[in-house]
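This report concerns only the one structure given below.
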Amino acid sequence: MENFFWVVIGMLAVTYLARLVPMLVLSRMEIPEGFRRWLRFVPVAVLSALLVPNILLQNGSLALRLDNTYLLAAVPTLIVAARFKNIFLTVLCGIICLMLIRLAFGMP
């Protein structure tokens, strides 16, 4: 149990320092507008890189089929995301769509 405590403390320190150091360094610098504009796309790019493989691939192959529940749920979710630009509504829409699709097809 003692090792677990130190592992958690270590992870906390690494996570905190990884955020604190750039913040301290960049707070003293003037960041160009073009770079700030570019930084706004980083969260979207990272989220897309994490989600798209899970949506489009099943068992290592491309799954553009109607039995791909993730793909079916992604369509209305993308529409809600584009329309409202609200992460809460987007996530809520994705969860509800996936639940409804699974209930309609009798999937767990």
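For the chain, modelled as a GNM with alpha-carbon contacts under 10 angstrom, which of Ile31, Ile55, Ile95 fluctuates the most?
Largest GNM mean-square fluctuation: Ile31.
Identify the GluC sites (Glu not before Pro) of region 1-82 meeting these criteria: DSSP loop state and at most 15 other C-beta atoms within 10 Å of the C-beta.
Glu30
Build a GNM of the chain with springs between Cα atoms under 10 Å: which of Val91, Val75, Val21 gets the top mean-square fluctuation?
For the chain, modelled as a Gaussian network with Cα springs under 10 Å, the answer is Val21.
Points 7 angstrom from Cα along the Cβ direction at Trp38 and Leu66: gap in nanometres?
4.5 nm
Given axes a ≥ b ≥ c from the Cα gyration tensor, I'd like to know whether region 43-105 is rounded (a/c under 1.5), prolate (a/b larger than b/c) or oblate.
Cα axes put region 43-105 in the oblate bin.
Just checking my list [x] 39, 29, 23; [y] 81, 36, 19; [z] 53, 48, 28 against Cα extents along the principal axes in Å computed from this structure; which label fits?
After the calculation, the listed value that fits is [z].
Placing +1 at every Lys and Arg Cβ and -1 at every Asp and Glu Cβ, with all other atoms neutral, what dipole size does the chain have around its Cα centre, in debye to the nearest 20?
Rounded to the nearest 20 debye, it is 340 debye.
In the Gaussian network model of the chain, springs joining C-alpha atoms below 10 Å, which of Asn86, Asn68, Asn54 carries the largest mean-square fluctuation?
Asn86
Laboratory data are not the source of any read-out in this text; all were calculated from the coordinates shown. As the structure is a prediction and not an experimental result, all values here were calculated from the model. Reconstructed Cβ throughout: ideal geometry from the backbone, glycine too, with neighbour counts over all protein chains shown.
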